[in-house]
1. Give just the number: which of (1) part of a helix (DSSP H, G or I); (2) modelled with pLDDT under 95; (3) buried (at least 20 other Cβ atoms within 10 Å of the Cβ) does residue 61 not satisfy?
2. Condition check: of a type in the set (A, V, I, L, M), open to solvent by 30 Å² or more (accessible area, probe 1.4 Å) and under 22 Å from residue 251 (Cβ atoms). Does residue 352 satisfy that?
3. Tally up the residues in segment 203-222 that are among the aliphatic types (A, V, I, L, M) and in contact (Cβ under 8 Å) with a residue 24 or more places away in the chain, please.
4. Select, from 214, 235, 205, 220, the only residue that is at pLDDT 95 or above and assigned to a helix (DSSP H, G or I).
5. Please work out which one of (1) open to solvent by less than 70 Å² (accessible area, probe 1.4 Å); (2) more than 27 Å from residue 293 (Cβ to Cβ); (3) modelled with pLDDT of 90 or more is the condition residue 376 fails and give its number.
6. Going residue by residue through segment 74-81, is there one that turns out to be crowded, with 16+ Cβ neighbours inside 10 Å, of a type in the set (D, E, K, R) and modelled with pLDDT under 95?
7. Identify, from the list 126, 102, the residue that is open to solvent by 20 Å² or more (accessible area, probe 1.4 Å), of a type in the set (Phe, Trp, Tyr) and modelled with pLDDT of 70 or more.
8. For segment 348-371, which positions are at pLDDT below 90 and more than 29 Å from the chain's Cα centre (by Cα)?
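The values are calculated or read from the model by the stated rules, or taken from the named source; none is laboratory data. If you're wondering where the values come from, they're calculated on a predicted model, not measured in any experiment. Don't worry about glycine lacking a Cβ; one is built from the backbone with ideal geometry, like all the others, and counts go over all protein chains shown. Protein only, heavy atoms only, side chains kept; ligands, DNA and RNA dropped before computing areas. Shrake-Rupley method; radii C 1.70, N 1.55, O 1.52, S 1.80 Å.
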Amino acid sequence: MNSPSNPTSNETAVYALWINWVISVGALCVPVLTSVYVPAIAVPLLCILLGVLLFFYTNRSMRDRSVICPLIPSVAYRSLLVSALIMAVILISYSHGIVDRFFETELLNRRIPFLTVLIVSPVTFFYSVLAWLQGTRRFGVCQRCKMVLGDFSERGIMGSVLDEESRFQHTFMRWIWGVVALISWGYYMLFYINVNINVPDKFFLGWVPAILYLISVVYLATRYFTIWAYYYSNLETNDHASAPSTAIRYLILSSDTIFLSRLGEFADRPDQNLYDTPAIIAIDYHADIDLATAKRVFTEISAMKEDTFDIRFMYYSADNTGTQNIFHYIVCPHTRKELEDQSFFKGKWFNLTQLERALHNHDVSRLLASELNRLHTVTMAWKTYDAEGRRLYKIKNYRPSFRFKGICDWDVDFNSQRWLKVARLNQDKPFFRLRRLIDRLRGGDSDI
């Protein structure tokens, strides 16, 4: 089930956002500042050490299913490790005389083979931009996060906060390291003299990034304190907002169509004029709901007879506190007419083309979009690959067609992380065997 191993209060989650920034960006600034005081050979070793520590920090948060967004530390440890590699290449080039073949010897300073900020800042900016261009659907760590915890829309109020703040931090990171790269390279091109590191050099090439980092730490501390205060002021006027509760959602599928209603028809729904399933109910908190109970609840809210539809469990999601959760089910009426004649639901049937158009136009609720994304991802992975990610068909890049028909009888577990993982890591991906080996070495071989 997609829930935190160690439930976290909402105030702790807000604090964790700030700590995430302090640790990740701080790790990038440490070698930059240190490099103006220590020998060059120590800097790549420091970068490797910090990069490895950040890597384990990120993976531990993923294993523990914590609420910390892994995007910022992921960008940070990648930047540190790549920067260390570049530094190591430069040092080897100096030690083997390769640099002498391209530059005049009297222009080189072997005591200062590189300036750390000139490497770390553009590399960090590059990875920040790369993550922005790829988006959360394609950037590896974001895929893993959704695979483990589900979409932000499934994680309650803090899911929305995490979504907005992770985007804000990512944008903030791009701007900061873009500015640092411009300042450092501008100073290097206009004022730096390759003789030694003097006081102005130490300030512009070491202390400016550290000062910007400290300003960002204070600013984000103020920002997250404000968010925390706003959250608690809302709780005082809306006591039921934090009360433990359970929601049950039913996707109604028949052949290759899905039954949807406009949320604007219901005054108590937040996303006005968006399509969603009409079969939603909120009840007192339940840690578990069996299939029989889910079927009985659906008959009560729909007025349909139990022998007129099939039902199957889809998946489970919860917020970071573990006190608000959602059980997602699929209902398959035997005929569309039985639903239209017997049930209380008002809406219309969407075929796959119409549904795709509605998704493209952002005309469905975010939670429904998340459910459909999971359904499509698991279905296509299950139809195309085996549980180890190997192709079921010998035709490379062949993709079976996506359909809803027969979904209630399919032998696939939508709640399992296995098929989400196969969709991300399979035989059609570059370096499949190497990536699978690395994934197993870091403990990703289990059904997460």
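1. Just one mismatch for residue 61, condition (3).
2. Yes.
3. Residues in segment 203-222 being among the aliphatic types (A, V, I, L, M) and in contact (Cβ under 8 Å) with a residue 24 or more places away in the chain: 7 in total.
4. Of 214, 235, 205, 220, the one residue that is at pLDDT 95 or above and assigned to a helix (DSSP H, G or I) is 214.
5. (1)
6. The answer is yes, given that some residue of segment 74-81 is crowded, with 16+ Cβ neighbours inside 10 Å, of a type in the set (D, E, K, R) and modelled with pLDDT under 95.
7. The conditions single out 126.
8. none
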